[in-house]
Each structure stands twice: as C-alpha cells, then as structure tokens.
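Remarks on the structure that follows.
Quick note: the coordinates plus some simple rules give every number you see, no bench work behind them. Given the structure is predicted, the values throughout are model-derived calculations rather than measurements. Heads up, the Cβs are rebuilt from the backbone with ideal geometry, glycines too, and the neighbour counts pull from every protein chain shown.
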Ligand SMILES: [Fe+2]
C-alpha cells in the first residue's frame, strides 16, 4: 500500500487530501473543522480527518506533498520588494514574521503538524503544477490541454501545457505581477468586497450593470495580446508595494475612491463589475483559443482560482474551440493539496492512470459523513424533536412536500463536499418556482446581500428542457453558467424593462424565477444517479409532486460562516436562522416543534462570523 498525503497551507484555504494506491480516499478544507472561513493555518484537523477516514496513522504515510515551493515564493517577495524599494517596505515587513516563523521552515512545520510521527520524505511541487495536476489527473480524459488561471503562486500567475496518460507538462506561463486573478481581485477590492472571497459577489453583481468601463480597462490598465497574454500598467495598482490592491490613479479612471465595505452598492459598482467581468471573459476566451491552437488538443482541463468564474467557464465551453472541458471543483488553493498528492502518485512514482469515461472525483463528496446512530445521539443530547423515516422514498416524499409548500430546508447528507460549492450534501434547498424565494433566502436565511443569485440543481435527464447546454454537457460540480431556455422565459413588460440596478430583481423572468439571474443566466448543477443517490431521489420526488425537476441549491451556512460540517453545526445554523426544516440523513426536524428554537440568539450566532 502507498499512502500519499497532500497539504496546502499558509496562504488561504488550507486543506488536506489523502490518496491511497491512486484512489482519492478523502479531502477536506481546514475551515470546515475550525469554523474560521478561509483558514490558512496548518490543516491539522483536515489531516486528522483524512487519516481517520482511511484508518491510518501518521506512521503509515509514505509521502507528504506540499502544494507550492516556499523558497521560490519568498524569492518573489524579496525581488518585488527590491524592485519597488523603498515603497514596498511596509508590505514586505508585514509579511515577514509569518515567513520566518513558518513558511521557510516547512519540513519542521509539517513535522510538527503530524505530531512528529512522520519520518519520510517531503515533496514540494510548484503552485501551478499542483493546480494543473488537480485539473488533469482526476479528469475523465486520457489526454487534454491543461490551463491554470490564478492570482499568483511562486512566479507564475497562469500556465498551460498538456496532460497525457500519467504525465503532465506545463510549457508556458504568465508571470507576476501580470495576473488575471490579481486583476479581478483588484476590482473586488475596489468595489468594496473582500479579496480572495468576494470575487464571487463581483461576478454575481455583473449582470446588473452596463460594461461602460470595459474600454478603459482595455486601454489603460492592460495591454492585451491576441494570445490572451497581457501586461498590466502597474502605476494603477498597489499590490507589489502597498497594502491595498489599487493606487490613487485607479480612482481617477473609475469615478472616485473604492466603495467602503458594507455601504450601499451603487450603479457605479454594478457597471464596474460588468466591465471587469466582460474583460475577464475576453481574456479567458483568447487564452483558450491560443491553448487550443498550440496544443492541438480537443479537451481542456481547468484549475486555479479564476476557474471558479463559472460565467467565463461557460463561455469557454460554448464559444471556445474545445469539445469538452473538465474543471477541478476545488479549483482554488485547497485543490492544490489534492493536486500534489496525485502528482506524486502518477508523475513521480510513475503509476498508470485508468480512464473509464467518468472522472475520479466521486462527485467531490470526499469529506466526513455521519452515521444515523451518531446523529440520533446528538439530537437526543440537545433535546431536539425529530421524525426518523425508514426508507428514502418516504423521506424524499416528505421533504419534497415541504419544499412544494415553499418551506426552506437544510439538507445534510452523505460526505461533505470538497471545494467551495455545496452540491447536495451540505445544502439549503427550496422551490425555485417561488417569486419571493430569492429575497427570502438571501435576507432571512443566509443574511447576505440581496443581489446575490441562487443556483439550481436539475435532474440530469431533463436539463435540456430548462437550460441551453451543449448536447451531452454535464455540470455536476456547478462550475458552468448556461442561459435559461427560451421556452421557460417569461415575457417582460414595458415598465419592467425600464427598471435598473437592483430593481431588476423584482421582475419574474422565467418559470423558475428564484434561480434565474437578471440576464437569464443560471449556474447549473446537473444531478445524476451515479454521483448523487439520495439527492437525486429527492429532486425526483419534487418533480413527481410538482412537475418541476429543478430545486434551489445554496450552501448550508450564513454569511461569513464556513459551510457546516458536523450535525451540531447544521442544527445550530437551523435554529439561528429562519429555516423551516432540517434534514440530517433520514431525520427530519421541523422548526415549530423545536423547544430550543427561542433560546438561541440570532444576533449572537451571526456575530461569531466575520463578514466575508
Ligand atoms: Fe492558486
């Protein structure tokens, strides 16, 4: 037996992944255990979980891999500082303590994290190799082009190459400070959202605005080549030398200073969001065409933080030159832990890959699951009132009935997802036909910004009736955006068309308004029997009751909270919000029956989590 542990840590989204004899046994992000969003500390809890899942101890591990090369990263920091000295001194000083304490002593840190019990080799791959490995090795393709699009690792900010059989080879890269990820993050910062976490909000905001700044971005900020590579005019940015992303010159181009966090979002931010989204998509498309031309491959594998831009991904798939695209669900740095483990198994140890038509990511359900006995014991210990169902059929029928009555349900099943999206294991679900559901869920359940769209889960076999996907296209990981079918759209009347900004939300645009964005786009998850079991059965039951094979699927958490991991977290989140029902495996809890529902303070609950 060969056991390989992959680790990513010390930047953001620490994670661990365990590969045993080539099989992905477990993978999880540290934040889910520590309850600290984007936790970047050494992932002791995630490692402990992975070993437990496999029944191993640290002594059983044969290789430990780390997802980037700290010395090269330090070199970049140092060189950047020298190039911008003395202006860069403050950011350099701010970064130094962590480097001297931990990052430059990684083998020691890794050893400490493993309780001193591991005595074999540590292997370091480059940041982009880790992303590339996470994109190609689990994919269903025997050979493919690989593209990574990211903020920055050591020096590379984007790279491409090919994967064939059990090997990957990266041949080209774009280097720091020129970076699509950092460009997008600069706009995330400028529009008042948190860098490395608010990028999703910026993408969600884009359809409300007009891309009136797109030309300014193209003309002033970047010099974009036909092949998608670009240079940034660094006088508009401040991330090399300062502690902010953009410089005062940037403000002049975008009509004033950055939006203050939590202040109202205005038309300016919406237009800025639309503009940078358009430019990002243009760059992604150009790079995809270039990669296709250079590699001659028919298929593409994607990873890196920018590969979470599912609007851009959808355009690559529909308008780009590749026949098929596979995207690593944990496309951000957490996925690097999985990448380095698979890299060691295939590339360093030269073990073959068996490609059998589907990916080996197992629906990305790679985290902990909880048995009925454990859940029952917990529920009894807190005096919860529950109904246990004996069969999946009865359970799904009951939950589908609740949803059809416009109840919002917390759905906790199976192994927790690896990656930022909830895929039906730790989800909040509801009826997408309801016009009020989007604002109810945003404001009363998730306590987050009202503009943010929700995504649907749809039965795989009925996806074409609702969404314009390519024939045979699959989206089990919710990483692609597609338009709503014309036949499902509702005609918008004269007064409704004249609404602008956030008011666009008031208009019902389709038969499933709660998941239809203001531009008719939808971030689709296709659900099938091979990956999803009980979640599939639930949507089938909802379809039987209502005729609708689509439900709303959003992550099981409130704003700023990591997605729930354990039953206890699900129960507390259920009590603290306005969720109507909670389903833990086959246990159903109704809000009105819970004696503790009034004991828990919503304010205190929400205050635990720093706003994201
Ligand atoms: Fe990365």
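Please report the antiparallel percentage of the DSSP beta bridges confined to the stretch 454-612, to the nearest 5.
DSSP beta bridges in the stretch 454-612 are roughly 80 percent antiparallel.
Separation between the residue 112 and residue 606 pseudo-spin-labels, each 7 Å from Cα along Cα→Cβ, expressed in nm?
3.8
Is the chain best put as rounded, prolate or oblate by its Cα gyration tensor, with a ≥ b ≥ c the root eigenvalues, rounded for a/c under 1.5, and otherwise prolate when a/b is larger than b/c, oblate when not?
Cα axes put the chain in the rounded bin.
Quick check for you: which residues of the stretch 445-474 have the amide N under 13 Å from the point 7 Å beyond the Cα of residue 492 toward its beta carbon?
Under 13 Å, as judged by backbone N against the label point of residue 492, lies no residue of the stretch 445-474.
Along Cα→Cβ, 7 Å out, is where each label goes; now give me the distance between the ones at residue 60 and residue 377 in nm to one decimal.
2.1
Please give the length that would be gained between residue 79 and residue 470 if that part of the chain were fully extended, namely 0.36 nm times their separation in residues minus their C-alpha to C-alpha distance (nm, one decimal).
136.2 nm
Starting from 0.36 nm per residue, how many nanometres of slack lie between residue 391 and residue 123 once their C-alpha separation is accounted for?
Stretched fully, the residue 391-residue 123 segment lengthens by 91.8 nm.
Over the chain, what is the relative contact order in whole percent, taking alpha-carbon pairs under 8 Å and six or more residues apart?
It comes to 15 percent, rounded to a whole number.
What does DSSP give for the chain in terms of the percent of beta bridges that are antiparallel, rounded to the nearest 5?
Approximately 70 percent, going by the DSSP bridge assignments.
Between residue 262 and residue 94, take the C-beta separation as r, use R0 = 22 Å, and let me know the FRET efficiency to the nearest 0.05.
0.40
For the stretch 364-484, what is the relative contact order in percent, using Cα pairs closer than 8 Å and at least 6 residues apart in sequence?
22
Given the Cα atoms of the stretch 211-352, and with Rh set as the inverse mean 1/r over their pairs in the Kirkwood sense, what is Rg to Rh to two decimals?
Rg divided by Rh gives 1.04.
Can you tell me the length gained on complete extension of the stretch residue 227 to residue 500, counting 0.36 nm per residue apart and subtracting the Cα distance?
In short, 94.7 nm is gained.
Quick check: from the Cα gyration tensor, does the stretch 386-459 come out rounded (a/c under 1.5), prolate or oblate?
oblate
Say a paramagnetic label sat at a point 7 Å from the Cα of residue 358, along Cα to Cβ; which residues of the stretch 514-536 have their backbone N under 13 Å from it?
Counting only backbone N, you get 527-534, 536.
Sticking with the crude label model, points 7 Å out along Cα→Cβ, report the distance from residue 215 to residue 253 in nm, one decimal please.
1.5
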